[in-house]
Structure formats: C-alpha cells, structure tokens
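To keep things clear, I will list the structure first and then write my remarks on it.
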Amino acid sequence: MSKPRILVARAVFPEVIERLTQHFEVESNQADVVWSKAELTEHLRGKDGAFTTGSDRVDAEVLAACPQLKICANMAVGYNNFDLDAMTARGVLGTNTPDVLTETTADFGFALLMATARRITESEHYLRAGQWTKWSYDMFAGSDIHGATLGILGMGRIGQGIARRGAHGFGMNVIYHNRSRLDAATEADCKARYVGKEELLKMADHLVLVLPYSAASHHTIGAAELAQMKPTATLVNIARGGIVDDAALAAALRDKRIAAAGLDVFEGEPAVHPDLLTVPNVVLTPHIASASVPTRQAMANLAADNLIEFFTKNKGLTPLNPQVLGKT
Ligand code: GLV
C-alpha cells in the first residue's frame, strides 16, 4: 500500500522530517519559504495530511481546493490560523501542541515581565550607544516585581504557570480574570484570586495577557482598557497579536499613560506597528515565547506524532475537533 502523502509547510528539525519519512511520502519546505495562501494551496493539493505552523492559514477556501486533506497538525498550542468550523464541516482533523510548551512559555512571560518592569532592553540600548558616562540616582529606575500585584488575563495552563512563578517565587499578590473561574484547589495552588476584568485592569501593577485569540478577544485591550490601568503599570502580551490594539498601546506608552509594555506578539506580525518602534518604553521580541530548543523539539515531535497516530490508528493525541474521528 502506498504511504499517505503529507506536506510539511515550514522548515523543521531534520530529524523530525526523517521520522515522518518513515511513515509518509513527505514534501517538505526546508528552504522555509513563507508561501502565500495560493502557494500553500498548490503545495497542499493531493496531500492527505499537513504539518502546519501558526503562520499557515487553513480556511474554507484552502480546504475546498484540497478535498483529499484529512488532518492538519499544527506545531503551536494556538490554532487561530485554522478555521476549525470549516475543518470540522469537511471532516478534517485539527491538532495542536498543548502542555509541552507550558512551562517554557511561562518562563518567557516572566522574563518579558522582568525585562519590561526593570527596563532591561532600554538600558542596554543606552549602554551600547555609548551614552553611559556616569551613575545617576534615577537612571533607568523601574518598578518592582516582588511584592507587586500581578494581574493575569486568561488563566489556562500558561497563565497558571505565570501565577505560580509570581506567587511562589516573587511573593506577588496574584489576581486573575478568565471566562470561567478556576476550581478552589487550582486557585490555592496558584495563590490567585478571581476578580472582574475592570478590577484586574485597575489593580494590576503588572498585567500579563495569556488568552487565546478569537473574534471575541479582538482588541480586548484598547484605549478604554489602557485608560483604566495604573500610570505606573506594565503590560505584557505573550498571547496573540490582535488581542491588543497596538496603535492605542503605542499612544498610551508615548503619553506615559502606562509605564511600559513587553510584547512578543503583534497585530499583522511579522510586521510591527511603526509607532511601537519609536517609543522607548516597550520591549519587543519576535514571537519566541515557546522557543527553547527542547520545547521546540517536543512541539515538532508532538505534531509529527499526531500525524502518525492519525494515519496508523485513526486517532489524534491532541485533537481539537475529535468529533470528526471515525467519520473520515
Ligand atoms: C505559539 O504562539 C503557540 O501558539 O504555540
């Protein structure tokens, strides 16, 4: 019997391609060309499965052009690049990579929070530019992390990881808001108190966003929400671009309506709103929160395992729409 045909839409660890090749006829994109939607569709035509990343949009149009496709395994925990309803309607399984990246991403959220509050990149740029000529009492004075109030919007696995780091490691007072309240045992473990969104905005010294992107979470933080925050507050976004209105944030940072921001994700990335590049009080990183070598290996292997599991056992390890299983 011929092997199923799969597309690996972006470059990935060669050993993962090697593993996939044992099970599938693989077309890979090791040159890492970022294809347009039309190009992605062309490459997907006639494939039974796909290994995708958050930059590969799979929507109704792509699916209609590729009727043979049965599974898209995303190498990301977020899957807003999938039109999951359209996939379900066509019986196409979607999978993601939860759990394996939780602690690494929470580490990064905390690193970005610390860099933002303590003005680390801003001060490094100053030093590199040769501007450091003397000690000054207020040079790059920022805000404290220990003992401060940490607000978390979106209290899934990663949010809980950040809460634990803040509460147990830095003695922070942790408050959170989420669509649903956590059970009492998880709240106690995270030492986190549930509050309304408005209270979260008003009380947080540091606000970290960890909620998934959807039409409903678009611009969850805009001018009105920024206006409710403390002028001394910092804002960190490791969730998705589009959750923050980047133009409104740049204006708030410029006018010092909040103290600083740390952003790993951007609206329309890899483009960055030009105004964000002109304000000094923002730490900018290129969507690398899960980027430790072991975690990226684990994510790639989990996506590969989902493909293998699907074609050998008609199952997914981390299915997003398990209702399609058995119907394909
Ligand atoms: C990264 O943003 C992910 O969703 O895994």
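FYI, it's all coordinate maths here, none of it is from the lab. This one's a predicted model, so the numbers in the text were calculated from it and none came from an experiment. FYI the Cβ positions are ideal-geometry reconstructions off the backbone, even for glycines, and counts take in every protein chain you see.
Of all beta bridges that DSSP places with both ends in the chain, some 0 percent have antiparallel geometry.
Most tightly packed first, judged by the mean number of other beta-carbon atoms within 10 Å of their residues, the peptides 294-303, 177-186, 127-136 read 294-303, 177-186, 127-136.
Only helices enter this figure: runs of n ≥ 4 DSSP H residues, each worth -39500 (n - 2.57), summed and divided by the residues of the chain, yield -10000 deg cm²/dmol at 222 nm to the nearest 500.
Each Cα pair under 8 Å and six or more residues apart adds its sequence gap; the mean of these over the residue count of the range 210-285 is a relative contact order of 31 percent.
Phi angles of the range 2-17 translate, via the Karplus equation with coefficients 6.51, -1.76, 1.60 and θ = phi - 60°, into HN-Hα couplings of 6, 6, x, 9, 10, 10, 9, 6, 9, 5, 8, 3, x, 5, 6, 4 Hz per residue; Gly and Pro are given as x. With both labels modelled 7 Å from their Cα along Cα-to-Cβ, the Leu84 to Asp138 distance reads 4.9 nm. Within the same chain, aspartates and glutamates fewer than 8 places from Lys47 are excluded, and of the rest, those with a Cα less than 13 Å from its Cα are Glu25, Glu27. The residue among Asn178, Ala303, Phe140 whose Cα reaches farthest toward the positive pole of the charge dipole of the chain, with charges on the beta-carbon of Lys, Arg, Asp and Glu, is Asn178.
Overall, the chain carries a charge dipole of about 400 debye about its Cα centre when +1 sits on the Cβ of Lys and Arg and -1 on the Cβ of Asp and Glu, all other atoms neutral. The charge dipole of the range 102-284, taken about its Cα centre with unit charges on the Cβ of Lys, Arg, Asp and Glu (plus for the first two, minus for the last two), comes to roughly 300 debye. The string of couplings for the range 39-45 from the Karplus curve (6.51, -1.76, 1.60, θ = phi - 60°) is 5, 4, 4, 4, 5, 7, 4 Hz, one whole number per residue in order, with x for Gly and Pro. Each principal axis of the Cα atoms in the range 102-284 has its own extent, and those three values, largest first, are 53, 35, 29 angstrom. With N counted as the residues of the chain, its alpha-carbon radius of gyration over 2.2 N^0.38 Å works out to 1.08.
A simple spin-label model places the labels of Glu25 and Thr312 2.1 nm from each other, with each point 7 Å out along Cα-to-Cβ.
Gaussian network model of the chain, Cα springs within a sub-10 Å range: biggest mean-square fluctuation belongs to which of Thr278, Thr97, Thr232? Taking springs between Cα atoms under 10 Å, the residue moving most is Thr278. Peptide packing for 256-262, 202-208 was compared via the average number of neighbouring C-beta atoms within 10 Å per residue; ordered from the highest value, the list is 202-208, 256-262.
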